[in-house]
Every structure is written in C-alpha cells, then in structure tokens.
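Here is the structure we will look at, set down as structure tokens.
The values are calculated or read from the model by the stated rules, or taken from the named source; none is laboratory data. These numbers come from a predicted model, not from an experiment. Cβ placement follows ideal geometry from the backbone for every residue including glycine, while neighbour counts extend to all protein chains displayed.
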Amino acid sequence: MKFEDYRISPDIKKSIAKLGFRRPTDIQFKAIPNILKGEDLLAIAQTGTGKTAAFAIPVLSILHDRKQGRKRVDGIKCLVMVPTRELAIQINDVFVELGRHTKVKTYAIFGGVEQEAQIEKLQKGLDVLVSTPGRMFDLISQKHLNLERVEILILDEADHMLDLGFIKDIRDVMRFLPKKRQTLFFSATIDEKIKKIAYSLVSKAAIRIQISPKDPVSKRVDHFVTYVEMDDKRFFLERLINQNADDKILVFVRTKVRAERVKKAMDRVNIKSITIHGDKGQKDRFEVMNQFKKGKVKVLIATDVSARGIDIPNVGYVVNYDLPEQAENYVHRIGRTGRGTSRGYAISFCSPNEKELLTAIEGYITKPITEMVLEKDDYEATITFSNDAKPDWKGLEEDMVAFEKSQRKKKKKKGK
C-alpha cells in the first residue's frame, strides 16, 4: 500500500511526496487507519521505525479536514507529551514539515528557556501542542495554558517518561483534559509496569500494535561487541574515528564527567568532538545538536539524555563507549543509526567489569551480539564492516599499546 492510497488530506499527501516517502513503515501501516477511525492506541515499535509520522500524519489530516469546514474550532486539539526538550523540538519539526500545506498550527514548549515567547505563541492560538511536563504545568498554573478542548492526547516515548519519574505528571494532566478524548500511547519498549499504566489511560477497546517484539533491534543496524580494557577504550575510539572520517559518529558514555573526559582525550589526538549532557544549558544544547546534524562536527559524545527518540540524520556509527546500565537503553542508543532506509553500525566496547551488563543486554534482545575481532596488524589497518565479511579485531589492544609507545618515542626524539 502507498501513502497516496490512504484517506488522508491531499495537502498532507503533497508534503509526504515532497519528503520522498512512498510507502508506510510497518508501524505507520498499522497505526494510521486506526487513528483516523478515532480508536485509542497502544503502539510498541522499535526506535527508528517512523513512530512520529505514524501519529502525526493522521492527526494532521483529522485537524486539517475539520478546519476546512465553516465551523471555527478554537483551542488546542492535540497534546503531545514527551520526556525531553530535544524530542519536543524534533516532533514539532515533523508536524510542521508534514503540515506545511495545511492550516494546522503546531508549537513546542519546554523548560530551560524564557517563557514569554511561548506564552505569546499560545495566546495567538494553536491546534497541536508538543510539550515536556515541567513547562506545561508551569503555564497551566499561571493560567496561560488551557487544555479543556484537547481531543487527542499522545504520549510518546512513554517508557522513558516513566523512567524519568513522570508518572505523576501523566496522571495529573488527566485532570485538565476532557474525559472524552482519543489517547495514543507510543513506546519503543514495554514491561508489565508500563502495560498496566498504559491500559489505565486508554479505553478498554484500545487497539494494541506491537512491531517486532522479539527483536527490538532494527534490521538495518549491524551491531558488534569488542572486548577491551577500560583504560584502552580511547585508543579504540581514536582508531574508529580516524578510519571513518567522513561519517557522523555518536558516542555514548555513562556520565557527564565521562563525556568531558572522552572529549579531552580526543582533543589530545587532534580529533574535534562536542558533548551533550544534562549540565549543558538549552542554548548550548541547541547549538551542539545543530552542529552535529549539519555535519559541522562529526563526533558527538553524549549521555543517555540523547538516546531516546532523537532523529539525527545520517549517523553512520553509534559507539557504546560505556555499556548502558539499563539493557533497554542499548536498543535506544543503537537506534540512532540505521534509521529509515539507511544502514548503520553499532560498536560496543566491553571491559571486563562490564560483562554482566553485556549479558543483560543479550538477554534483553534475546540473542548474542557478534564479537568483532581484528587480525594482528599495524595501527593503520583499515576497519571495514559488511554482512559478508566481519572484521577481525583480535590483538587490537596490543596494537594500541605498541602505537602509543612508538608515539612517545617520536615525541622524545623531537624533544632532544
């Protein structure tokens, strides 16, 4: 089935065509018709499968068709709740892009920036509001935001919202919404706790959609693990970056302190990189994401604040410099590559004290991660990745140590 066959507004079809989308992904194919019918939805699909468009396309069509009529419809009609500022911006961008030829007005509000511009936008009138919980409740308490006319509630990355402790906020927002509404619950992962909460929010007749539940990792991502001592990870990373200089590389670390340390290690070997984590102000985070998206800087070192739902174009490699402590975060991290129709690669560096984390990850994805080894070779050996021929990384640690020693000798000679 093609998008042109759906009963959606021709104006939205025009935007879809301009974006080059012809056929829906699995989650879009199953979700769009049900949303158009007004059904409540509980949708579970792995990251990178097009979940945002799965709800944006039908919601835009519903609201645009309604605005085409003579009856004036005031007030926010769709509320999209998300866990992070970056995700709010991204989802707003998708709505704006897909709704370019419609009369639907969309806007995102979030904390970390002055609220005056957001209040002004709300006063002018909106149809779709994308929001993080904190700023939303601030503006409700100040009586700048009214949700009494919301007809569609969307919870995106719902599992992450619960991880971040937003369950009370999710329940609290129900007090401000009409009881009669359509609720769409989207998540990349689900467990019994999330399932229980989800079913308490949607109607009893809600449609459940689950895509590839037995293999949460996208088929477009080739992922490997290589074993290395913790102190030698920087050498592995240096080599990977140098040999893939034209690719965007997203590096995940466990803490903010680690992010800055890894950046300094890359600075020392003349590799330009940038960091994003919770200590960054909103202005800095915008700038960092913009530089990485546009390819001005090819290496971004991030904590898990950037793992969920962020759609960064053309990320060639994801590197788990530190393995995540929560197994499901592995899926979200490596989902930053291999998105849409692109292929991607994910490399995990596993130190001896991280083997338990690796076991948990392999249990979560229900299969072992292929070990990558490298033949004993010189430092300049090229690393290539393909489905047919897996690289051999055995002995890389020794190579790195030898190379570092040779570099020290060269510096000593120069000093003399």
Flag if residue 132 is hydroxyl-bearing (Ser, Thr, Tyr), without any contact (Cβ under 8 Å) to a residue 60 or more places away in the chain and in contact with a helix residue (DSSP H, G or I) (Cβ under 6 Å, 6 or more places away or on another chain): yes
Residue in region 313-327 that is more than 19 Å from residue 362 (Cβ to Cβ) and out of contact with any strand residue (DSSP E or B) (no Cβ under 7 Å at 6 or more places or on another chain) present: yes
Test: residue 40 is buried (at least 20 other Cβ atoms within 10 Å of the Cβ) and acidic (Asp, Glu): yes
Long-range neighbours under 9 Å by Cβ, at least six apart or interchain, first residue at pLDDT below 90 and part of a strand (DSSP E or B) within region 315-328, second of a type in the set (Phe, Trp, Tyr) and surrounded by fewer than 20 Cβ atoms within 10 Å (Cβ to Cβ): none
Count of region 247-264 residues which are of a type in the set (Lys, Arg) and under 18 Å from the mean Cα position of the chain (by Cα): 2
Residue check, residue 66 without any contact (Cβ under 8 Å) to a residue 24 or more places away in the chain and either assigned by TED's automatic domain parsing to the domain that holds residue 34 or not small (Gly, Ala, Ser) (or both): yes
Test: residue in region 162-172 that is surrounded by fewer than 19 Cβ atoms within 10 Å (Cβ to Cβ) and either more than 26 Å from the chain's Cα centre (by Cα) or polar (S, T, N, Q) (or both): no
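Here are 244, 290: which of them is outside the structural domain of residue 52 (by TED's automatic domain parsing), within 22 Å of residue 345 (Cβ to Cβ) and not hydrophobic (A, V, I, L, M, F, W, C)?
Going through 244, 290 in turn, just one is outside the structural domain of residue 52 (by TED's automatic domain parsing), within 22 Å of residue 345 (Cβ to Cβ) and not hydrophobic (A, V, I, L, M, F, W, C): 244.
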